[in-house]
Every structure is written in C-alpha cells, then in structure tokens.
Amino acid sequence: MVMENKTSLPLYEKIWVKHTFSRVMDSFTLLLLFLLLAYRVSSYNNHNFSCFVAFLCESWFTITWITTMSTKWTPAHTKTFLDRLLLRVSDSELPALDMFVTTADPVLEPPIITVNTVLSLLALDYPANKLACYVSDDGCSTLTFYALVEAAKFAEIWVPFCKKYNVQCRAPFRYFCDEAMANNNDLPQFKHDWLKMKEEYEQLSSKIENAAQKSIPCQLMGEFAVFSQTQARNHPTIIRVIRENKGISDVMPHIIYISREKRPKQPHHHKAGAMNVLTRVSGLMTNAPFMLNLDCDMYVNNSKIVLHALCILLDSKGEKEVAFAQCPQRFYDAVKDDAYGNQLVALPMYIGSGFAGLQGIIYAGTNCFHRRKVMYGLSPPNEIQNAKKGQGFTNGTFLSEKETMQKFGTSKGFVESATHILEGITSDLHKSLDLEAASKVASCDYEYNTAWGKQVWEIGLIFESKTTNWFLSYYIKIFQNNFLS
Ligand SMILES: O=c1ccn([C@@H]2O[C@H](COP(=O)(O)OP(=O)(O)O[C@H]3O[C@H](CO)[C@@H](O)[C@H](O)[C@H]3O)[C@@H](O)[C@H]2O)c(=O)[nH]1
Ligand SMILES: [Mn+2]
C-alpha cells in the first residue's frame with residue numbers, strides 16, 4: 001500500500017520563488033519611468049527636437065521594461081525526485097537515449113574539447129546499453145575521427161573509474177585540473193588509480209596534440225582510408241561505428257561518428273542540417289524515444305542528469321504536457337565579476353526562471369532533452385498522444401503511407417522507425433547499425449520535397465529554425481517545457 005502511494009507521487013514539482021523585494025524595486029523603477037514620460041508630455045511645448053527623440057527612446061525603454069518585468073514576475077524552478085523515479089521504473093524499464101554532439105571545425109573547436117564532451121556522456125550514470133553517442137563532424141576531419149577512436153580506447157578505463165569512485169565531474173580535463181579531487185576519497189586504492197588515470201589522460205591529450213601538428217594526423221589506412229579523398233565541403237557520407245555496445249553487461253555505450261554528405265552547390269544548413277541528419281541516422285540505428293543534444297564545447301557536470309530529465313519527461317503530467325527539458329549553460333574559468341555579462345548569468349537566473357514560472361523555458365539550442373515523437377509532429381494542445389497502430393500521424397491527422405514518405409523522405413527504414421515512435425512502440429526498437437541505410441538518410445539531397453526543415457510546426461522562431469532550417473525548433477508554443485537547474 002505504502003509502495004503504491006509512493007509510486008503515484010509526482011516525479012517533479014515546480015517551486016515558486018519568493019521575490020517580493022525585487023518586485024517592489026521593479027515596480028518602483030516603472031513608476032519613475034512613467035513619471036519621466038509624464039514630465040516629457042506635460043512640458044512638450046517648451047522642448048525641442050532632441051527632447052522628442054529622448055521621449056521616443058524612453059517610451060521604448062518603458063515598453064521593454066514592462067515586458068521584462070512581466071516575464072520574471074512569477075519565477076520558478078523545477079525540483080526532481082530521483083528516488084520516486086527509481087521506485088517507479090526499474091533499470092531495465094528505463095527508456096533509451098540518443099545523445100548528439102555537433103562539431104564543425106577542428107581548428108576553432110579543437111578535438112580534445114569534443115573528446116571531453118563525449119567522455120562525459122559515455123560515463124553518465126545510466127545503463128550503458130540504453131545510450132548511444134552520435135558525433136556529427138561537419139568538418140569531415142581525419143583528426144576529429146582519430147581523436148574519437150583514441151578517446152574510445154581511453155573510455156574503456158575512464159568509464160569504470162568514474163563509476164567505481166562516483167566521480168562527479170566526468171570530463172577529464174576539468175576533473176584533473178583540480179588536485180583537490182584527488183584527495184577527497186579515502187579508499188586506499190584511489191590515489192593509485194587516480195594517478196594512473198591522470199597519466200593515461202595526458203597520453204591521450206598528447207597523442208591528439210601531436211596528430212594536430214602534422215599535416216596528415218595519421219596514416220590513411222584501414223578505417224582512416226576513407227578520408228584520403230575528402231575535402232571539408234565536398235565528400236560523401238562517412239559513418240563509422242567506433243564502439244558498439246555489446247549488451248547489458250557492457251559499460252560502454254555505442255559511439256558513432258557521422259560526417260554527412262557535403263557538395264559545393266548544395267546548401268548544408270549549418271548546425272540545423274547536422275541535427276536533422278543526426279535525428280534520421282539515430283532513428284534508423286537506435287531510435288531512442290528521447291534525444292539529448294550538446295554543442296561540442298559543453299560537458300555534463302552532473303552524472304545523473306538523464307535521470308533528472310526523465311523525472312520531468314516520464315511524470316504523468318509531464319508525459320502529457322512537456323516537450324523537452326532544457327538545462328542551463330554554465331561557464332568555467334570565467335573572469336571575476338563578469339563585467340561584460342559574457343557568462344550569461346542573468347539570463348537563465350532571471351529570465352529563465354521567469355519563463356519557467358510562466359508557460360515554460362525556451363529551447364536554448366544545446367543541453368536539451370527532446371521527446372522524439374514531438375519532433376515527428378505530435379502536437380495536440382493538451383496531450384502528447386500516440387498514433388493508432390499502422391497509421392502515420394501528424395498534428396492530429398492520420399497520414400497514408402505515401403503521405404508519411406512525403407513528410408519523412410523515401411527511406412523505408414526511417415519511415416518505419418518514425419511510425420514506431422509516433423505509435424509509442426518502444427519495446428520493438430530498431431537496433432540495426434546498418435551503415436548503408438544510414439548513409440542514404442545522411443545524403444545532402446535527402447530532404448528535397450519532404451517536410452524536413454519546413455512545415456510540421458507553424459511556429460519557427462528561435463535559434464536554428466528560420467535561418468538554418470532545423471526541423472526540430474518548431475515546438476515552442478504548445479507545450480510547457482521545463483528548466484533543470
Ligand atoms: O555548420 C555547422 C556549424 C556549427 N555547427 C555546430 O553547432 C554548434 C553551435 O555553433 P557555434 O558556432 O558554436 O554557435 P554558438 O553561438 O556558440 O552557439 C549558440 O547559438 C547557436 C544558435 O545560433 C545554438 O545552436 C547553440 O546551441 C548555442 O550554444 C557547435 O557545436 C558547432 O560545432 C555544426 O555542427 N555545423
Ligand atoms: Mn559555441
């Protein structure tokens with residue numbers, strides 16, 4: 001009985017933040033602005049053109065002040081209950097997650113940074129057989145591929161180390177730059193393992209560094225031979241399974257490298273195009289019901305973040321209303337006081353929590369957990385339902401097979417995987433690392449005459465959508481979205 005009560009408890013709660021003082025100060029500022037405007041209007045006859053311009057500017061400032069004030073009037077944050085989630089869902093019932101990392105330029109975004117992002121994902125506290133890490137390389141760089149191959153070898157010891165000692169920060173470059181972390185564990189074996197791991201990481205970094213110094217990072221033989229004929233903007237699709245998860249006892253997730261096809265005359269739509277390809281390739285290969293996207297210069301600083309996000313996405317209320325769970329960006333090694341506001345502290349703290357208290361946070365382009373079926377077009381205003389078996393479905397309308405193909409493109413495998421997702425079939429997920437079919441959906445003309453990048457959702461406002469055509473950024477208005485702090 002007690003158990004039953006516990007499992008029906010909500011998995012997350014919105015906590016409203018009290019902020020009477022800042023409300024009073026904001027209202028007072030608004031009053032002063034109104035008084036200023038009233039003064040300008042009342043003394044209109046005595047003033048010249050410059051006063052008129054000042055009046056226009058002050059009016060505009062007052063409008064933006066009112067908008068900002070109303071945005072942050074009722075701030076909230078989300079509290080998640082991991083213990084309740086783990087009571088409700090056993091390890092084997094946890095849903096799969098496809099994780100996307102995007103990189104585009106091995107010079108501006110050095111591969112060691114991407115490697116750290118990937119390592120922090122591989123070591124997440126989540127069953128590894130439910131995780132797949134896809135790296136999209138828009139630079140088609142041998143160096144990036146080489147770095148990932150080497151990182152996968154290092155991960156074989158890094159992941160068990162993190163799990164054994166419950167390491168909090170699982171991006172090695174951050175972990176090893178703080179000596180204090182070596183002293184916070186009393187287990188006798190720890191110091192020895194820590195030193196060994198540090199040495200291994202230094203070897204990995206110098207290997208990548210040395211490769212970066214050479215004009216050709218490594219011999220273009222074997223798995224690298226494919227890079228011998230490529231140019232960054234002119235090459236066929238390259239997809240490689242760097243590490244395949246062997247099943248439930250294997251601690252390493254899948255690692256898959258993707259460099260989508262590029263041709264000089266074909267638009268590639270920057271990150272948005274890469275995200276579309278990642279969505280399709282992962283749909284064919286692992287088809288997880290949830291997806292996480294990260295820029296290559298982000299890393300995960302909480303190893304249980306997937307469980308936190310699932311508290312929101314799997315909660316019975318969240319299931320009906322929440323399209324995605326967004327995590328804020330934090331910056332490391334920033335200058336003290338942040339005089340120029342580069343760390344974006346105010347944005348998530350004030351505006352972000354304000355949005356969270358209204359309908360929900362907006363999508364920030366990275367660090368976001370997405371519900372795959374929402375991407376594919378399920379958008380009922382109050383409920384994210386599943387489609388009926390055997391019928392493609394979008395925006396409340398059932399589609400014929402032909403219409404489904406027009407929407408998702410001509411890959412039969414992908415259309416089938418999308419239909420499974422729309423129908424809520426997760427027990428029968430595609431688990432085929434079929435490179436040929438995957439290459440087809442990563443080709444640069446796959447999206448012609450399909451709904452990728454257009455239609456599907458009417459609201460395409462922020463970040464990727466309008467300028468760069470990302471299919472996925474259309475879903476803001478309808479759902480509540482939650483902000484994980
Ligand atoms: O052709 C491209 C160009 C960029 N990227 C990747 O897109 C991400 C973001 O690009 P970046 O140039 O770093 O943009 P930022 O201004 O730093 O990124 C912010 O703004 C972007 C939208 O303008 C969002 O997509 C990002 O998530 C958000 O962090 C990076 O991982 C890039 O590797 C690609 O994959 N292909
Ligand atoms: Mn960036």
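Descriptive notes on the structure:
- Helix runs (DSSP H) in the chain reaching 27 Å along axis by Cα, Kyte-Doolittle at least 0.0: 20-42, 49-71, 142-164
- For the range 1-80: relative contact order, % (alpha-carbon pairs under 8 angstrom, 6 or more apart): 63
- Pairs from the list Lys18/Lys317; Lys72/Lys304; Lys130/Lys196; Lys317/Lys373; Lys373/Lys412; Lys407/Lys440 with a Cα-Cα gap above 21 Å: Lys18/Lys317; Lys72/Lys304; Lys130/Lys196.
- Footprinting exposure proxy ranking of Cys51, Cys327, Cys368, fewest other C-beta atoms within 10 angstrom first, gives Cys51, Cys368, Cys327.
- Radius ratio Rg over Rh of the chain, counting only Cα atoms, Kirkwood formula for Rh: 1.01
- Centre separation in Å (Cα based) which lies between the range 273-310 and the range 8-55: 40
- Helix-only mean residue ellipticity at 222 nm for the chain, each DSSP H run of n ≥ 4 adding -39500 (n - 2.57), per residue, nearest 500: -12500 deg cm²/dmol
- The relative contact order of the chain, computed from alpha carbon pairs under 8 Å that lie at least 6 residues apart in sequence, is 20 percent.
- By other beta-carbon atoms within 10 Å, ranking Tyr257, Tyr44, Tyr175 with the fewest at the front produces Tyr44, Tyr257, Tyr175.
- Computed over the range 42-173, the percent of Cα pairs more than 21 Å apart is 64.
- At q = 0.22, 0.25, 0.27, 0.29 Å⁻¹, base-10 log of I(q)/I(0) for the range 18-74 (Debye sum, equal scatterers on each alpha carbon): -0.82, -0.96, -1.05, -1.14
- Taking all Cα pairs closer than 8 Å and separated by 6 or more residues, the relative contact order of the range 94-295 comes to 35 percent.
- Once the mean of 1/r is taken over each pair of separate Cα atoms and inverted, the range 94-295 shows a Kirkwood hydrodynamic radius of 17.6 Å.
- Local electrostatic count, Thr74, Cβ distance below 13 Å [Lys/Arg +1, Asp/Glu -1]: +3
Values quoted throughout were computed directly from the atomic coordinates according to the rules given, and no laboratory measurement underlies them. Keep in mind it's a predicted model, so treat the numbers as computed, not measured. Glycine also receives a Cβ, built like all others from the backbone with ideal geometry; neighbour counts cover every protein chain displayed.
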